[in-house]
Amino acid sequence: MAAAMNDAPALVTGVTGYVGGRLVPELLQRGHRVRVLTRSVDRIRERTWFADVEAVEGDAGDPDVLSRALDGVSVAYYLIHAMGTSAKFEERDRGTATEFARAAERARVGRIVYLGGITPLDENGRPATDLSPHLRSREEVGRIFLDSSVPAAVMQAAVIIGSGSVSFEMLRYLTERLPAMVAPSWVRTRIQPIAIRDVLWYLAETPRLAPDVNRTFDIGGTDVLTYEQMMKRFATVAGLPRRVIVPVPVLTPRLSSHWVGLVTPVPSGIAKPLVESLRYEVVCRENDIADLIGEPPAGRLGFDESVSLALQRIREANVTTRWSSASVPGAPSDPLPTDPDWAGGSLYVDERRRRVHASRDTLWSVIEGIGGERGWYSVNMPWRIRGLMDRAVGGVGLRRGRRDPNRLQVGDALDWWRVEAREPGRLLRLRAEMRLPGLAWLEFRLEEDEGDDEVTLVQRALFHPRGLLGQAYWWGIMPFHGQVFGTMIANIVQAAERGRPRPLRKHEQWRREVAARRDEGDHR
């Protein structure tokens, strides 16, 4: 049966997300033909596996797109989640999943695989009815697939521990930044976390299930812990001093999400559904999957091993996907207007040029290393204030950082920007995902100069205002442009002419030094 499965393609959706982007190479390693469905092929073009897959571009809710994507497919992985707090996100999840199930039926797909969350039980041992919108939507999507005529395997997991996962980033930053904390009462709730390595193994092995299997499977690691225990054990594994945690009952999920948003890189809009879900006990009730396809070859990882592996990958800059790889709800998705007479309306441009007495490669290394722990080569105070303002209204702020400290690829999140275009040695274009009354881009372009030792750097900030508020915003910040953008290009040029990017900030250096000492067995 496995050989037959390998002859027909496996479809993976959500490939710009955290799990989907990691599942593709797992399937390729097992000899599967892989087809991916993505709204933008450009966002995956630089992935190491791109040349080995067939890509279908389009929206997962479009029947015509789904017909092309599912044609001849043996197994379809549905890894699409609307992570949000708007009133419409459940409706959007429901509609997209329903359309996908119908298309899979028409295409006679052999199996649908969905990754959802463990459904909590009430005090009587029955599935809880007062679920958070986040958990309720995950449960509903799983039920849609189980009720279709296509056999479904609905994998249900709690907190996923892995470098770059949103749950891990939230845990990591809360623990690293707060030696002592007054925490919400949900830190005493029991959770069964699972390593991303084991999640991927289970997902990749589902084609081995018998054709008539149509059910949910709980998957988890070997440890059941409270969130408080997870933070304390994280501190031990990371070589940090003991953390003091005092739970109090007064912090509501809304207040908790703002607290998480201030302390961690996770915006409050994403933290809120996660925090709401942490109020429920999510522990595996069965391990039936082991009887049908077995366990990972090295066994399931425990919590400490999962954290150690995640920290090692972060230290080695070997984080293949991050939670921030997925698009931010409400972020602009239109292409950059390149025509000066753009039909979309006003387009304001702040353009600055500087000749650089450095090689193209040196200048490019500085530009590609911008943001994250190195900062933006600009005046810090206005930049930080704008980031705090964005966080205050539920935006992403400046704390998302970057996947890799030195290299970027299209689709990467970079603080409050998203990499929209990258041509090594020529062009880096970033699209703003902060809360704005319009659309904004920041672009760096390297132009040819005569001679090998000089190049011209062109830096452009572009803004397409939305309504009167957008116009007022542009003219209101105009007096600060010289300070912000003028300082930025001057410092970038200076770094390139010195021959190196800025060093990582002290926090990042300290974290890497702690990790190195831990590996050497030195916990001083």
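If you roll a 1.4 angstrom probe over the protein chains with everything in place, what fraction of the accessible area of the stretch 14-173 belongs to carbon and sulfur, to the nearest %?
44 percent
In Å², and per residue, what accessible area does the stretch 17-171 have when probed at 1.4 Å with the other protein chains present? Before the final figure, lay out each step's value.
Numbers: 6340 Å² over 155 residues.
I get 41 Å² per residue for the stretch 17-171.
Assuming 0.36 nm per residue, please report the length gained on full extension of the stretch Ser185 to Ala298 beyond their Cα-Cα distance.
On the way: separation 113, 0.36 × 113 = 40.68 nm, distance 3.54 nm.
Length gained between Ser185 and Ala298: 37.1 nm.
Once you have a ≥ b ≥ c as the square roots of the Cα gyration tensor eigenvalues for the stretch 1-66, tell me rounded if a/c is under 1.5, and otherwise prolate or oblate according to whether a/b is larger than b/c.
On the way: a/c = 2.03, a/b = 1.31, b/c = 1.54.
It is oblate, given that a/c is not under 1.5 and a/b is not larger than b/c.
Where only protein heavy atoms count, and the probe is 1.4 Å, what is the accessible area per residue for the stretch 207-248 in Å²? Please list the in-between numbers first.
Values: 1790 Å² over 42 residues.
Value returned for the stretch 207-248: 43 Å² of accessible area per residue.
Students often check this: by mean Cβ neighbours within 10 Å, which of 45-53, 69-77 ranks highest, and how do the rest follow?
69-77, 45-53
Check Val15: other-chain or 5+ apart residues with amide H under 5 Å from its amide H, H built from backbone geometry?
Under 5 Å from the amide H of Val15 lie the amide H atoms of Leu37, each far enough along the sequence or on another chain.
At Glu447 and Arg285, where each label point lies 7 Å from the Cα along Cα→Cβ, what is the point-to-point distance in nanometres?
Spacing of the two 7 Å Cα→Cβ label points: 6.6 nm.
Using the basic label-point model (7 angstrom from Cα toward the beta carbon), what is the Tyr348 to Val379 distance in nanometres?
1.6 nm
Once you order the gyration tensor axes a ≥ b ≥ c over the Cα atoms, which shape class does the stretch 9-145 get: rounded for a/c under 1.5, otherwise prolate or oblate by comparing a/b with b/c?
Working: a/c = 1.82, a/b = 1.76, b/c = 1.03.
Judged from the Cα gyration tensor, the stretch 9-145 comes out prolate (a/c at least 1.5, a/b above b/c).
Given labels modelled 7 Å from the Cα in the Cβ direction, how far is it in nm from Asp361 to Thr222?
So the two model labels end up 4.6 nm from each other.
Show me the ranking of peptides 289-295, 220-226 by mean Cβ neighbours inside 10 Å, starting with the highest. Provide the component values of the computation, followed by the final result.
Details: 289-295: 14.6, 220-226: 19.7.
The most tightly packed comes first, giving 220-226, 289-295.
Taking 0.36 nm per intervening residue step and subtracting the Cα-Cα distance, what contour gain separates Phe50 from Met389 on full extension?
Details: separation 339, 0.36 × 339 = 122.04 nm, distance 3.76 nm.
Full extension of this stretch gives 118.3 nm more.
The values are calculated or read from the model by the stated rules, or taken from the named source; none is laboratory data. Since the structure is predicted, the reported quantities are computational estimates derived from the model, not experimental observations. Methodologically, a virtual Cβ is constructed for each residue, glycine included, from the backbone with ideal geometry; neighbour enumeration extends over all protein chains shown. For accessibility, only protein heavy atoms count, side chains too; no ligands or nucleic acids. Shrake-Rupley method; radii C 1.70, N 1.55, O 1.52, S 1.80 Å.
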